[in-house]
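The values are calculated or read from the model by the stated rules, or taken from the named source; none is laboratory data. From a predicted model like this one, the values you see are computed outputs, not experimental measurements. Cβ atoms come from the backbone with ideal geometry, glycine included; neighbour counts cover every protein chain shown.
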Amino acid sequence: MLSVERHEKILEWLEKNKAVKVSDLSRELQVSEKTIRIDLVHLEKKGLLKRIHGGAVPLDDEGRIFPINERQSKHNLAKQAIAGEAIKRIQPNETILMDGGSTTLAVAKQLGAFPVTIITNDVRIAAELISKEKVQLMVLGGTRIGTSSSLFSPESSELLKRIRVNRLFFGATGISIEHGLTVLNSLHVEWKKQVLRCAERVTLLVDSTKFEKVGLIQFATIEEVDEIITDMNLDSAIKKRLETLGRTIFYAPIEQKND
């Protein structure tokens, strides 16, 4: 088993069990405990877990894959603001491909009586849009992976090769100028590479906490993105570095709720 495959398995097990032991991982993956410790050091350096005595636990951080109901609650105001900014860019009668994720789900929730065609592989996004009369909805089917609400299948991947859309809304586990856009699962990598090829305009939706974080596997460079929508809390030094790349960036203002 390749190291990247072990890393995926470790993260999947961590997601399910909330903690992992070196001894259990060694037995499950059929490698030495020394190899597992090296793997955990590597994943900790990437900000994907926290090592403890004899094992590891997940970080309470956006670097981990949380079930979508947990991800929705994290940085919720920023996601809502980004979704609102994304909707401003939509034109009537556009065809839009919406990748699965908590921020794209926020876009679906805020989308009003707007005549558009939405293509998605996310069942929660589909459920949100199905009652919106002016939205033409196309759902790409498949199998659910882990706690994700997204579906994947060879048939959907093949269909993507023949689809052309006006715009793609998608997210990433991490975005880094040096390492590009990253995710944690290799299945997501191939999917995201395909959706990027489908769109005339590629729009990345990421809150400011995702910047300068690196997931397990790169699926694109920042140069492959036409525009980025994030929140106004992005660090000023990162803003300056992004501006040198010539990407269009929109900073969504966050409305603070008073208790």
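Rundown of residues vs (1) assigned by TED's automatic domain parsing to the domain that holds L205; (2) of a type in the set (A, V, I, L, M); (3) at pLDDT 90 or above, yes/no style:
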residue	(1), (2), (3)
H75	yes, no, no
I82	yes, yes, yes
I96	yes, yes, yes
T103	yes, no, yes
V107	yes, yes, yes
L111	yes, yes, yes
List the pairs whose first member sits in the range 30-50 and is more than 12 Å from R6 (Cα to Cα), whose second member is part of a helix (DSSP H, G or I) and acidic (D, E), and whose Cβ atoms are under 7 Å apart, counting only residues at least 6 apart or on separate chains?
K50/E44
Looking at A126, is it out of contact with any helix residue (DSSP H, G or I) (no Cβ under 9 Å at 6 or more places or on another chain), small (G, A, S) and closer than 16 Å to I96 by Cα?
no
Which numbered condition in (1) in a strand (DSSP E or B); (2) within 17 Å of the chain's Cα centre (by Cα); (3) surrounded by fewer than 23 Cβ atoms within 10 Å (Cβ to Cβ) is the only one that R124 fails?
(1)
Give the residues of the range 14-41 that are within 26 Å of I175 (Cβ to Cβ) and crowded, with 16+ Cβ neighbours inside 10 Å, sorted by residue number.
L14, E15, D39, L40
So the helices (runs of 4 or more DSSP H) completely within the range 144-251 holding 2 or more residues that are touching a Leu at 6+ places or on another chain (Cβ under 9 Å) and either within 24 Å of N76 (Cα to Cα) or modelled with pLDDT of 90 or more (or both) are 154-160, 186-198
If the requirement is being surrounded by fewer than 19 Cβ atoms within 10 Å (Cβ to Cβ), within 21 Å of N166 (Cβ to Cβ) and not assigned by TED's automatic domain parsing to the domain that holds V41, which of these qualifies: E190, E200, E212?
E200
Among residues belonging to the range 195-243 that are within 14 Å of the chain's Cα centre (by Cα) and basic (K, R), point out the one that is nearest to M98 (Cα to Cα).
K210
